[in-house]
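I have placed the structure first, in the form of structure tokens, so that the comments after it can refer back to it.
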Amino acid sequence: MSSNISSEKASEIAKDLFGIAAKVIRLPGDVDENFRLEASNGTCYILKISQPEQELTFLDFQNEILKHFEEKEIDLQLPQVVPGKNGLLKSELEIQGALRWVRVLTWVDGRLWARVNPKTSELRCSLGSQSGKLTNALLDFSHPTAERNFDWNLANSAWTFNYLERFEGEEKKIVQHFHELFKEIQEDYVLLPKSTVHNDVNDYNILVSQNLKSPEVSGIIDFGDAVFTQTINDLAIVIAYAIMDVPNPLQAATDVIKGYNNHYVFSEQELSCLYSLVSMRLVTTVTKSSMRKAEDPTNEYHVISEKPAWELLKKWFAIHPNFALYSFRNACGFPAHPKSKVFEIWAGNNKTKLNTVFPTLAIKNVTTLDMTVGSTLLGNIAEYNDIDITAFRLEQIQKEHPDTILANGYLETRPFYTTNAFKGEGNNGPEFRTVHLGTDFWVPAQTPVHAPFDGKVVIVHHNDYLKDYGPTIVLEHAFDGAVFYTLYGHLTLSSLSINKIGATVKQGDLIAYIGEAHENGQWVPHLHLQIVLDLLSNTENFHGVAYPSEKQLWQSLCPSPDLIFSEALDRSVEDISEENMISFRKEHLGKGLSLSYSQPLHIVRGEGSFLIDTEGKKYLDTANNVNHVGHQHPKVVRAGQEQMSVLNTNTRYLHKNIVEYAEKLLKKLPEELSVLHFVNSGSEANELAIRMARTISGQEDMLAIEVGYHGNTSAAMKVSSYKFDGKGGAGKPETTHILPLPDPFRGKHRGADCGQAYAEYAKKIIQHQEVIDEGIAGFIGESMVSCGGQIVPPANYFKQVYKYVREAGGICIADEVQTGFGRMGKTFWAFELYDVVPDIVTMGKPAGNGHPLAVVACTRKVADAFSTGMEFFNTFGGNPVSCAIGKAVLDVIEEEKLQENALKVGGFLKNELQKLQLEFPIIGDVRGEGLFLGFELNDSEKIPLADHASYLADRMKDLGVLMSTDGPDYNVLKIKPPMVFSVENAKELIFRLKTVFAEDFMVNF
Ligand SMILES: Cc1ncc(COP(=O)(O)O)c(C=O)c1O
């Protein structure tokens, strides 16, 4: 292509022919020479100058299409043709003796799809929807030029067959495979409906709105490739570009299809060609690239531009065409498998009895079990992984229900499958195949299994029993002119020799025995029975579990075994829906309760550093410091369960647990803090501590830190500036005196040496109290201010504040509810980092790992002074169950060296966050100690960016990481995970943070 028109010349042309005086910028163009015109009134246009000798009819064709859209008034920005001064849609111009055509189109505003990050499912759906509108609007358009013949018309793509020899090895195999497939679809394909289509909705022709938080496709440009062809080709092309560079292209394709289908409804015949058509667009791309490479071997651009197409072709090749088709059908509202409805009817008319399969068992009934993610039958991970415990529990149920068979599992979302063996990277972070596709029958090992119907043996194989069903048999059965399969997993190894591939079996024939635990990955003996309508060319194994996002599709492909038995197998217990839970909460629970995230999470299980929702989505938890030694730590759980089953009463009786726990806890405290009081919450602990300070000092007034939070009881609220200065708060009570937040990064005084400056405020308040003849009861403060935004007060601050308070006769209270129990890494308590010993220390959250247990520790002097003769009684405080749990928490911290872990992992994480800070300047400060870290988001003037913090937390949730935001300006991300947080967890956190920090909203601040 020759490009010989300067910007100056273009500017002249725009003025002379169109009367547009504008600033001109040259743009890239494949055929036309293109210039962006920015008129002085802000309106923008595109000036297009054709190549010499350009056929006029082709330009007319494009203009006609654009005019056609103007009449349709579709809700999508498209270029409009701007008439020249002569009133015509195109003008003739002679440049250097050659005739050129000049057109001006309106500028379509937006961001190029290619540059948008992230491309979410919603955005792909919006792309589908807008493309569907375009397809629909062109259905009644016709123009003779549309029927032209050219290489990018997918219907003509057989031309690529002649270039197969350009490829080698795996690439050649893939291209050849897709050529063959394209030949196979021809018979149906040539009959599909045709219309004029855009034919090139690629990532440089799609425009996305400027809304960086929830973008939508706002415009489509460049009708230069429009052609009259099979309508479905247009969708295939949109898909081919929209699903590049994603981990799961098929899922991404279904996003596009769902949107498209809202405006153009595809037939089953059209969908059956789609997989091949997507591949042929990619084959055309790589074939064209190889041709360009041959013409110009030194130009690396050809290699770079074809790379994503090759990557996608390889991934597309790995997808079974039928599976792709079922996904497309499902996205368009058809039953995923075309025969699933027919099978249901056949099965309804041909039901068999469970005794056909298990003739040796006395089965009068079915007892269904709950093994969903939140199942209490399974218990925690240590319990369900212990075959003896699970087997015992099932035996107990069997004893309670004699003559019944224990069964469950069809479409059940289960916790066992949240391990790495079932993990995949989805387009929205990690996903787990948690949905079980068969029914499990919990029957004794060696139980004989018989065929439910006549059939033929098609698979006999010993699979990996750690992630599959060990010894497995599959039978094929005929129904209504088609076939279905029954799969039997977890058999004895000997069962494999009973069956020969190809052998026929009759209904009721013996086919297998239930495997022993050692043949089943040490799991409780059971039969996995699954119905499959299409084995997808598998000859050894078949998926027994699926991703929750694909549940509907698999439900059609693997119908319920319930359909073939006369006894009902499916679990009928209906859980309360999430909508109902939300409306109940609104109606009947306190109005002030809040739910995190706009789509609240429904968490039903905790395991170590993870929380798991009902779908088995596993969230890495960086926010819950309450579950200190890990969610549902087996040792802590057991300690509570065991003591609860024997006794729970109060401290008015002797019990060793309170003494043993107190002894252990005291060892963790400085010698001076030698007396403990047990309560049930951090609030109660602070309430008691404040009461002690007031009783001892005879004063009311307390000093507290700005944005501090100390609990929800009356006295605790009165020292919580976070609450009374926050939303709905009534301001500071008279008896509370607030010290400014000692924030060395963005506070009143900055830098490492500002401790004294901040402590001076305490001194001034105390002096003022003296002037008005008042005193102070004490000071309460966290040694690292959590709600204040993980603030690390400067050195010397507490030393000085404590000094002034004590000189005035006040009591110093350290609130360690968030920070205690080894979290700091270097020290067990945060106050120790400042080399002070408080008079009172309050503890809560982590003490009971989620069980309500809190403690007030104080000096002997304080305890004695507080003892006025009045009994201190707390109904639940110090009960044997709480103390058993508290002791187990301390044991685990020691046994698993969790303080050392906080030091090691916290140090690693802080360092990685500091590296991120260099890469992403939006991170203003990284701070904290051990596993109590935080970073804040600011612009270059240190202005806090709360919106960005909340976007980050939301996106991280989408990607499977829970983070919390806080601080007076809500721009701080707090990191205070369970102390079992590992280096691997830290790496995952950093990896996901990097992803989100690179997104458009985060880089625009
Ligand atoms: C520092 C601090 N103190 C006290 C409390 C109150 O504890 P609880 O909610 O157990 O009453 C909290 C709770 O968030 C806290 O963060």
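Output needed for region 1-122: three equivalent-ellipsoid semi-axes, defined as square roots of 5 times the C-alpha gyration tensor eigenvalues, in descending order, whole Å.
On the way: eigenvalues 123, 62, 49 Å².
Each semi-axis is the square root of five times an eigenvalue, giving 25, 18, 16 Å.
Classified by the C-alpha gyration tensor, region 696-780 has an oblate form. Its axis ratio a/c, with a ≥ b ≥ c, is 1.5 or above, and a/b does not exceed b/c.
Counting Lys and Arg as +1 and Asp and Glu as -1 over every other residue whose Cβ lies under 13 Å from the Cβ of Pro83, the net charge comes to +3.
Taking the number of other C-beta atoms within 10 Å as the exposure measure, put Phe323, Phe484 in order starting with the fewest. Show your work: numbers first, answer last.
Details: Phe323 18, Phe484 26.
Going from least to most buried by this count: Phe323, Phe484.
Pairs of alpha carbons in region 631-757 separated by more than 24 Å make up 52% of all such pairs.
What are the semi-axes of the equivalent ellipsoid for region 857-1005, taken as the square roots of 5 times the Cα gyration tensor eigenvalues, largest first, in whole Å?
Values: eigenvalues 298, 78, 42 Å².
After diagonalising the Cα gyration tensor, the semi-axes are 39, 20, 14 Å.
How compact is region 510-587 by the rule of thumb for globular proteins, expressed as Cα Rg over 2.2 N^0.38 Å? Don't skip to the answer; put the middle values down first.
Values: Rg = 17.8 Å, N = 78, 2.2 N^0.38 = 11.5 Å.
Here the answer is 1.55, to two decimals.
Relative to the longest principal axis of the Cα atoms of the chain, the long axis of helix 880-895 lies at roughly 70 degrees.
With N residues in region 1-60, what two-decimal value do you get for its Cα radius of gyration over 2.2 N^0.38 Å? This ratio for region 1-60 stands at 1.12. Look at where the Cα atoms of region 223-261 and of region 737-805 average out, and the two centres are 61 Å apart.
Just so you know, the Cα atoms of region 87-244 work out to an Rg and Dmax of 18.6, 58 Å. The shape of region 822-910 comes out oblate: with a ≥ b ≥ c from the C-alpha gyration tensor, a/c is at least 1.5 while a/b does not beat b/c. Here region 641-759 is treated with +1 on each Lys and Arg Cβ and -1 on each Asp and Glu Cβ, and its dipole about the Cα centre works out to around 200 debye. Converting the Cα gyration tensor eigenvalues of region 251-339 into ellipsoid dimensions via √(5λ) gives semi-axes, longest first, of 32, 12, 11 Å. Rg/Rh for region 152-192 stands at 1.02; both radii use Cα atoms, and Rh follows the Kirkwood definition.
Using only helices, what value at 222 nm comes out for the chain when you add -39,500 (n - 2.57) per DSSP H run of length 4 or more and divide by the total residues, to the nearest 500 deg cm²/dmol? Kindly include the intermediate steps, with their values, before the conclusion.
Numbers: 29 runs with 354 residues, N = 1005.
Dividing the helical sum by the residues of the chain leaves -11000 deg cm²/dmol.
Ranking Ile576, Gly726, Leu918 by how far each Cα lies toward the positive end of the dipole of the chain (charges on Cβ) leaves Gly726 at the top.
For region 273-294 and region 442-469, write down the distance between their C-alpha centroids in whole Å. Value for the Cα centre distance between the two parts: 43 Å.
Test of understanding: ordering Leu212, Leu853, Leu312 by Cβ neighbours within 10 Å, fewest first, what list do you get?
Values: Leu212 17, Leu853 28, Leu312 24.
Ranking Leu212, Leu853, Leu312 by Cβ neighbours within 10 Å, fewest first, gives Leu212, Leu312, Leu853.
The trypsin sites (Lys or Arg not before Pro) of region 691-775 meeting both criteria, a DSSP state outside H, G, I, E and B (loop) and at most 14 other C-beta atoms within 10 angstrom of the site's C-beta, are Lys727, Lys748, Arg750.
In region 307-408 the Cα-Cα distances spread across 10 Å bins starting at 0 as 12, 22, 21, 27, 16, 4, 0 percent of all pairs.
With coordinates expressed along the principal axes, the C-alpha atoms belonging to the chain extend over 105, 88, 53 Å, beginning with the largest. Here the relative contact order of region 730-830, from alpha carbon pairs under 8 Å that lie six or more residues apart, stands at 27 percent. The C-alpha atoms of the chain define a longest principal axis, and helix 578-588 lies at about 40 degrees to it. Summary of packing: across the peptides 641-650, 731-740, the per-residue average of other C-beta atoms within 10 Å ranks them, highest first, as 731-740, 641-650.
Angle of helix 56-72 to the longest C-alpha principal axis of the chain, folded into 0 to 90 degrees and rounded to 10: 50°. Fewest neighbouring Cβ atoms within 10 Å first, the residues His320, His628 line up as His320, His628. Per residue, the average separation of C-alpha pairs within less than 8 Å and at least 6 apart gives region 170-223 a relative contact order of 25 percent.
Within the same chain, aspartates and glutamates fewer than 8 places from Lys314 are excluded, and of the rest, those with a Cα less than 17 Å from its Cα are Glu168, Glu170, Glu171, Glu180, Asp245, Glu306, Glu425. Taken about its Cα centre, region 299-429 carries a charge dipole of about 620 debye when Lys and Arg each add +1 at the Cβ and Asp and Glu each add -1 at the Cβ. Between region 547-561 and region 956-994, how many Å separate their Cα centres? If you average the Cα positions of each part, the centres end up 33 Å apart. Charge dipole of the chain (Cα centre as origin; +1 on each Lys and Arg Cβ, -1 on each Asp and Glu Cβ, all else neutral): 1260 debye, rounded to the nearest 20. Over region 71-163, all Cα pairs binned in 10 Å intervals from 0 give whole-percent P(r) values of 11, 24, 35, 25, 5, 0, listed from short to long.
Placing unit charges on the Cβ atoms of the charged side chains and taking the dipole of the chain about its Cα centre, the candidate lying farthest along the positive direction among Val983, Gly698, Ile885 is Gly698.
Toward the positive end of the charge dipole of the chain, with +1 on the Cβ of Lys and Arg and -1 on the Cβ of Asp and Glu, the farthest Cα among Ala946, Ser7, Ser276 is that of Ala946.
Measuring nothing but alpha carbons in region 424-567 and taking Rh as the Kirkwood radius, the Rg to Rh ratio lands at 0.96. Mean separation of Cα pairs under 8 Å and 6 or more residues apart, divided by the residue count, gives the chain a relative contact order of 8 percent.
With Rh defined as the Kirkwood radius, the inverse of the mean 1/r over Cα pairs, the Rg/Rh of region 721-856 is 0.96. Of the beta bridges in the chain, as assigned by DSSP with both residues counted there, near 80 percent are antiparallel.
Based on the Kirkwood radius over alpha-carbon pairs, what value in µm²/s does the Stokes-Einstein equation return for the translational diffusion coefficient of region 451-495 at 25 °C and 0.890 mPa s? Before the final figure, lay out the partial values.
Working: Rh = 11.1 Å.
So the translational diffusion coefficient is about 220 µm²/s.
Values quoted throughout were computed directly from the atomic coordinates according to the rules given, and no laboratory measurement underlies them. Treat the numbers as computed from the prediction; the structure is a model and nothing was measured. Here Cβ is always computed from backbone atoms with ideal geometry, including for glycine, and neighbour counts include all displayed protein chains.
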